[in-house]
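Read through the structure below, which is laid out as structure tokens, and then see the notes.
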2 protein chains.
Amino acid sequence: MTTEVSPGAAPDAEDDGTRWLDTGEQRAWRAWLYSTQLLQERLERELMRATGIPHAYYEILVQLSETPDRQMRMSELADRCLSSRSRLSHAVSRLEERGWVRRQVCAEDGRGLLAVLTDEGFAALEAAAPVHVESVRTHLFDQLSAEQVAAMEDIGRTLLRHLDPD
Amino acid sequence: MTTEVSPGAAPDAEDDGTRWLDTGEQRAWRAWLYSTQLLQERLERELMRATGIPHAYYEILVQLSETPDRQMRMSELADRCLSSRSRLSHAVSRLEERGWVRRQVCAEDGRGLLAVLTDEGFAALEAAAPVHVESVRTHLFDQLSAEQVAAMEDIGRTLLRHLDPD
DNA sequence: GCGGAATAGATGAGCTCTCAACTACGCTTA
DNA sequence: TAAGCGTAGTTGAGAGCTCATCTATTCCGC
């Protein structure tokens, strides 16, 4: 009867200025919240168990691999990974320990560093990619119709324009 | 040119049995991945900064508040929060320290415990709810058309049937 | 050139989550 | 009623993330 977001017996009636969610909105919100949460956890766990690579680290390797010379400035890498500078810095330290990435001083900017994907790192990515793609296909694309996939992209793009206007 | 999931120059051509994503699927996947990631982080940060409550803890309070007597078995609470037993156990310990939840032995089952929402916990939820609802509305519902909301619910339900068949 | 603001990145503490044990109780069967 | 198994929940170690802080370098205006 009550809702995720409005505790109490009939709080929607209280005119406190809050734009509460109506029943339909709540259904939609919960479906979205739970499905994204479960999907992300599922993908994370499958990738982790099969390869020992957390998805956030996988994303770093992917971004570096897509660059012509497999290297990128730390701050640009952070942006592309939707990561904070701090998070990326910690993550690259771990990846360095694995021998998959190394830091290289940047010629143009004395403050800057380049994250460079090593051959070992590329090999690790090559080994992990099929596992992850299969997970995405199994749990996402195999479940949705073409129309649903199109709608998903449309919704995602719409939200991105608001959340990350570049 | 290359993709998130298939490293290298033209790996899709390699017939290694992997059902790689085509360009359109990749666009859709990235839009979904990035938008969900950004939205979740945004909601988490806004709730955390305004109230000091992580979203996972908020969800626990919500589930307890929606129950008639504001209490629930630990394991059922874990299921409803899409949480592992371990995660819930740790979280409830923290919530106990805040005085928002207490554990009570279960009469019917000597192994079981009830998590009980205290008045302080309910008050904390009441204070937090408007903040969180406003975030959800601002960053989600205000951005989407009615058709997009309907599609979002449809996609979410479809994925849930697969990921969490209950 | 020089001083102050902005930028690049690192660092450490604190927190949450995961994973793998581990304890304790209930249920079933012989 | 005792053995064995499944279930409920906890615990601790290890890992990643956030936030605030810190250092080093560059940029900009005078």
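The values are calculated or read from the model by the stated rules, or taken from the named source; none is laboratory data. Since the structure is predicted, the reported quantities are computational estimates derived from the model, not experimental observations. Backbone-built Cβ (ideal geometry, glycine too); neighbour counts: all protein chains shown.
Some observations on this one:
- Note on the stretch A:1-40: residues that are more than 7 Å from every other protein chain (Cβ to nearest Cβ), surrounded by fewer than 21 Cβ atoms within 10 Å (Cβ to Cβ) and modelled with pLDDT under 60 total 6.
- Qualifying residue in the stretch B:66-79 (condition: farther than 22 Å from B:Gln40 by Cβ, in contact with a Ser or Thr (Cβ under 9 Å, 6 or more places away or on another chain) and more than 12 Å from DNA strand D (Cβ to nearest atom)): yes
- Single unsatisfied condition, A:Asp69 versus (1) away from DNA strand C (no atom under 11 Å from the Cβ); (2) outside any loop (DSSP other than H, G, I, E, B); (3) within 14 Å of chain B (Cβ to nearest Cβ): (2)
- Residue list for the stretch A:48-66, restricted to those being over 13 Å from the mean Cα position of the chain (by Cα) and outside any helix (DSSP H, G or I): A:Gly52, A:Ile53, A:Glu66
- Here A:Arg161 meets the list (1) more than 16 Å from DNA strand D (Cβ to nearest atom); (2) at the interface with chain B (Cβ under 9 Å from one of its Cβ atoms); (3) closer than 28 Å to B:Arg19 by Cα almost entirely, failing just condition (3).
- Close pairs from the stretch B:98-124: first among the acidic types (Asp, Glu), partner surrounded by 15 or more Cβ atoms within 10 Å (Cβ to Cβ), Cβ under 6 Å, at least 6 apart: B:Glu120/B:Trp100
- Those residues of the stretch B:85-124 which are part of a loop (DSSP other than H, G, I, E, B), surrounded by 12 or more Cβ atoms within 10 Å (Cβ to Cβ) and within 12 Å of DNA strand D (Cβ to nearest atom), in sequence order: B:Cys106, B:Gly112
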